[in-house]
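Below: the structure, in structure tokens.
The values are calculated or read from the model by the stated rules, or taken from the named source; none is laboratory data. Just so it is clear, the model here is predicted, and its values are computed rather than measured. Every residue, glycine as well, gets a Cβ built from its backbone with ideal geometry; the counts of neighbours run over all protein chains shown.
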Amino acid sequence: MAKILVSACLLGCPCRYDGKSCRNEAVCALAEAHALVPVCPEQLGGLPTPRSPSEIAEGRVMMKTGQDVTDEYTLGARSALHLARLTGCTAAVLKSKSPSCGRGRVYDGTFSGTLRPGDGVTAGLLAREGLEVFTENDLEELKNRLKS
């Protein structure tokens with residue numbers, strides 16, 4: 001049984017910036033065979049729910065209101081890494097496109113819906129620290145890795 005860090009919003013927790021969740025049944029189904037550890041890095045970093053949307057622009061995390069929340073995102077990422085280590089997680093399934101959890105593609109900082117290559121703050125830190133990081137769109141790859 002693998003221990004997997006999972007974005008809490010994918011498990012149905014209403015912790016997204018808009019106060020909603022984005023429950024993903026395929027992610028929830030992972031609990032049938034694995035131990036899932038929910039995490040919301042934005043909340044761990046001290047940000048409220050709901051909150052203004054954020055995107056990464058020029059290496060900084062900026063809210064649509066213009067507030068720089070890079071420090072909060074960094075604290076949340078470090079806290080998520082600490083939780084992963086405490087619980088023995090070796091992989092993570094995080095919310096795609098998020099400035100915290102996105103892996104491979106994130107919004108470009110213009111708040112226009114445009115994506116660019118890159119990782120969110122938490123996804124990047126977890127990957128650099130040796131966790132395998134996936135999004136809800138990569139579950140087949142995760143399942144294949146868990147089998148080997």
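Note on the range 126-148: residues that are touching a helix residue (DSSP H, G or I) at 6+ places or on another chain (Cβ under 7 Å), of a type outside the set (F, W, Y) and under 25 Å from C28 (Cβ atoms) amount to 6.
Of the residues A8, A80, only one is of a type outside the set (K, R), in contact with a Cys (Cβ under 6 Å, 6 or more places away or on another chain) and touching a residue at least 12 places away in the same chain (Cβ under 8 Å); which?
Numbers: A80 fails: in contact with a Cys (Cβ under 6 Å, 6 or more places away or on another chain).
Just one listed residue meets the conditions, A8.
Cβ-Cβ distances below 6 Å connect the following pairs, each with a first residue in the range 34-58 that is under 19 Å from R103 (Cβ atoms) and modelled with pLDDT of 95 or more, a second residue that is part of a strand (DSSP E or B) and aromatic (F, W, Y), and a separation of six or more residues or different chains: E55/Y107. Taken over the range 50-83, residues that are over 13 Å from V106 (Cβ atoms), surrounded by 15 or more Cβ atoms within 10 Å (Cβ to Cβ) and polar (S, T, N, Q) amount to 4.
Residues of the range 39-49 that are out of contact with any Phe, Trp or Tyr (no Cβ under 8 Å at 6 or more places or on another chain) and under 21 Å from R105 (Cα atoms): V39, C40.
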